[in-house]
Every structure is written in C-alpha cells, then in structure tokens.
1. From (1) open to solvent by less than 50 Å² (accessible area, probe 1.4 Å); (2) in contact with a helix residue (DSSP H, G or I) (Cβ under 8 Å, 6 or more places away or on another chain); (3) in contact (Cβ under 8 Å) with a residue 12 or more places away in the chain, pick out the condition that doesn't hold for Ile217.
2. Could you say whether any residue in the range 75-87 is modelled with pLDDT of 95 or more, open to solvent by less than 60 Å² (accessible area, probe 1.4 Å), assigned to a helix (DSSP H, G or I) and closer than 27 Å to Glu120 by Cβ?
3. So in the range 16-29, with the set limited to residues that are exposed (fewer than 13 other Cβ atoms within 10 Å of the Cβ) and on the phi < 0 side of the Ramachandran plot, which one is modelled with the lowest pLDDT?
4. Could you tell me whether any residue of the range 56-63 is modelled with pLDDT of 85 or more and not in a loop (DSSP other than H, G, I, E, B)?
5. Just give me the residues in the range 61-74 being open to solvent by less than 20 Å² (accessible area, probe 1.4 Å) and within 17 Å of Lys121 (Cα to Cα), in sequence order.
6. For the structure I just gave you, tell me whether Lys125 is free of Cβ contacts under 8 Å to residues at least 24 places away in the same chain, open to solvent by 60 Å² or more (accessible area, probe 1.4 Å) and on the phi < 0 side of the Ramachandran plot.
7. Would you call Tyr184 modelled with pLDDT of 95 or more, in a strand (DSSP E or B) and either aromatic (Phe, Trp, Tyr) or within 23 Å of Glu120 (Cβ to Cβ) (or both)?
Amino acid sequence: MEASFKVTDKIAYSKEAFWGYDTDFMIIQRFCSRIIEQFPEIKDKRNSVINHIKKTKDDFSFSSLYNADSLIFAKQKLDEGKLFHHQMWNGLFSREKMDDDKFIKKILSFQKKISKYLFEKELEKKGTLNNDELTFVLPLVSKYYTKFYDEKFPLLIKTDANLINYLWLSIKRSYMTSGTQVGYQVAEYQLFSGIDKEESKNRLEKLNEKDFSQDEIKIVKLFLKAYNDGFKEKIFYNIDTLETMGNW
C-alpha cells in the first residue's frame, strides 16, 4: 500500500484533466482509497493512511497534504450526512462521533504542519510547488499561520514576473466557457492574501512590455481592465480582447 502512495509523491498534482477525466495523481489516490476499503479492520485502514501522511518532517510531500485535506473534507461530508459508500475514505470512519472526531483531529494537526513546511520550502527554493499545488497550499498557510504568512508572502512576489504569475493563479480560479472561448472573472476576493490591488496596479503600470511574454502582458492588461472596472463580480472577460462575455 505504501508503495502506491509513494507513487503520488513523484507525480505532480494537477487540479483538472481534459474532458473531466481524473488526472494521474487522482487516479492513484482513488486506487489507494479503494484498496484500503478492503482492509477488514478500521484501525489498519487508518494506520495505512496516517503512515503515509505523517512520515518525518523532511519527507512531508504535497501528496501527504492532499491526503490529509481530502480526509478532512470527507469528515465534513460525513457530518452533513453526505458521505456515501463509493466516495473516497468512506471506510475510515466508524460513525461514532467521538472516535471520528479524535481521528480527524490528528489528521488536522498534520495538515497544518505539512502546509507550513511546503510553504517554507517554496520560500527557500521557488518552483518546488507547481501552480496548482501553490493554489492549494497558500490559503491553508494563510488560515493557520496568518502572521507568518503575511510576513513571508511578499518574498514570493518580489519580481514583477512573479507578481504576474500569482495574479494569474488568483484570476484563473474563476472562469466560464462559452463555445470555444474562456472568460475570466477578476473579483477582489480572488486575490491571494498578501496581494495588494493598489500596489499591484502601480507596479504593473510601470512595466516595460518588451521584458515580458505576450501571455504575461495579457494577464497584466486583464488585471488593469478589471481594476478600472471596479473588480466587479460575475463579469467574465475574454483575456484576448478584454470584452465581457456576459454577466453570470
């Protein structure tokens, strides 16, 4: 079982795949969940997952964080009465509240530690996490270690190129499709904590476009367009033309 989990340590996490199919990362995660469901004892099921999550501090991986987070999500669904037999990690809960709460409390402690570790690793060496992994990690660190996050996040956007990238990560979280076109909403609440809209505007307006790629300039123009429009919600822009694609 551990060998299967280790495979996910080597595969980059991707939030989406084409045509709605699972990514390689998620295929293996679901495979691990199904195998664990076959274990006869709930203690063995839990230990199998915890052994992958916990490891030692120097071995924390994004896969470990994802496992912890998905278990916490499963517990939320259980509390809502919406965790069904075919869903991931269903078999790791006894349906006895005190027991399940104690188990998930342990998982939550790992989630906190791992998210901070991965954030620190990214600060030390940018590019350790891919964009989807960053989008996953940053809100957790901001939530659990607010003061530390607020102090350190500016280091990630010191260069204008990095600022543009983090703006794009913020923007692309909210989009809609119409035929072959994709429209992006740019609302203020989408911006990662630590990105100041006024400071970003001032920096972007001073850029020399020749120093950046066409795609980067599209992001800059999209942000400035949304800024001038007041960062309105439910308005989606065509990133190529900056025309609105309708209100939703």
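1. Unmet condition: (3).
2. Yes, the conditions are met somewhere in the range 75-87.
3. Step by step, filter the range 16-29, then rank; the result is Phe18.
4. Let us first name the residues in the range 56-63 that are modelled with pLDDT of 85 or more, namely 60-63.
If we keep only those that are not in a loop (DSSP other than H, G, I, E, B) too, we end up with 62-63.
Looking for residues that are modelled with pLDDT of 85 or more and not in a loop (DSSP other than H, G, I, E, B), one finds at least one in the range 56-63, hence yes.
5. Ser61, Phe62, Ser63, Ser64, Leu65
6. Details: free of Cβ contacts under 8 Å to residues at least 24 places away in the same chain: yes; open to solvent by 60 Å² or more (accessible area, probe 1.4 Å): yes; on the phi < 0 side of the Ramachandran plot: yes.
Criteria met by Lys125.
7. Considered against the rule, which asks whether it is modelled with pLDDT of 95 or more, in a strand (DSSP E or B) and either aromatic (Phe, Trp, Tyr) or within 23 Å of Glu120 (Cβ to Cβ) (or both), Tyr184 comes out as yes.
The values are calculated or read from the model by the stated rules, or taken from the named source; none is laboratory data. Since this is a predicted model, take the numbers as computed values, not measurements. All Cβ positions, even for glycine, are placed from backbone atoms using ideal geometry, and neighbour counts span all protein chains on display. When the accessible area is computed, the model is the full protein with side chains, heavy atoms only, and any ligands, DNA or RNA have been set aside. Shrake-Rupley method; radii C 1.70, N 1.55, O 1.52, S 1.80 Å.
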